[in-house]
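Quick note: the coordinates plus some simple rules give every number you see, no bench work behind them. In this text, all values refer to a predicted model and were calculated from it rather than measured experimentally.
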């Protein structure tokens, strides 16, 4: 399986990293990033492990942080669409598509 990130994933992650960097515990930024990468690896190894969120989108929750990402599994790849906070509006990022 190949991992494909939407072009806006970097800005999603950067926004979260800045938030944690500027918090009282800036080491959380590194912890968040490590956990996110670990979840990406788990999804690539077993893309069907997570439940459907909507239509063909699946949702993977981070364990320690209140964030999740939505992804698709078309044929031989895992395509990450958005990384977002659990309290973000449910439609946030759904307009994104891979060209």
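What percent does the relative contact order of the range 27-99 come to when contacts are Cα pairs within less than 8 Å and at least six residues apart? Worked out over the range 27-99, it gives 20 percent. With respect to the chain, whose longest principal axis is taken over its alpha-carbon atoms, helix 27-45 is tilted by about 10°. Springs between Cα atoms under 10 Å define the GNM used for the chain, and in it the highest mean-square fluctuation of 68, 51, 85 occurs at 51. Using 0.36 nm per residue and subtracting the Cα-Cα separation, the extra length available between residue 15 and residue 56 on full extension is 12.1 nm.
Here the range 2-85 was treated as a single set of alpha-carbon atoms; its pair distances binned every 5 Å from 0 give 3, 15, 27, 25, 16, 9, 4, 1, 0 percent. The long axis of helix 9-21 is offset from the longest Cα principal axis of the chain by roughly 20 degrees. Estimated from helical segments only, the mean residue ellipticity of the chain at 222 nm is -10500 deg cm²/dmol, where each DSSP H run of four or more residues counts as -39500 (n - 2.57).
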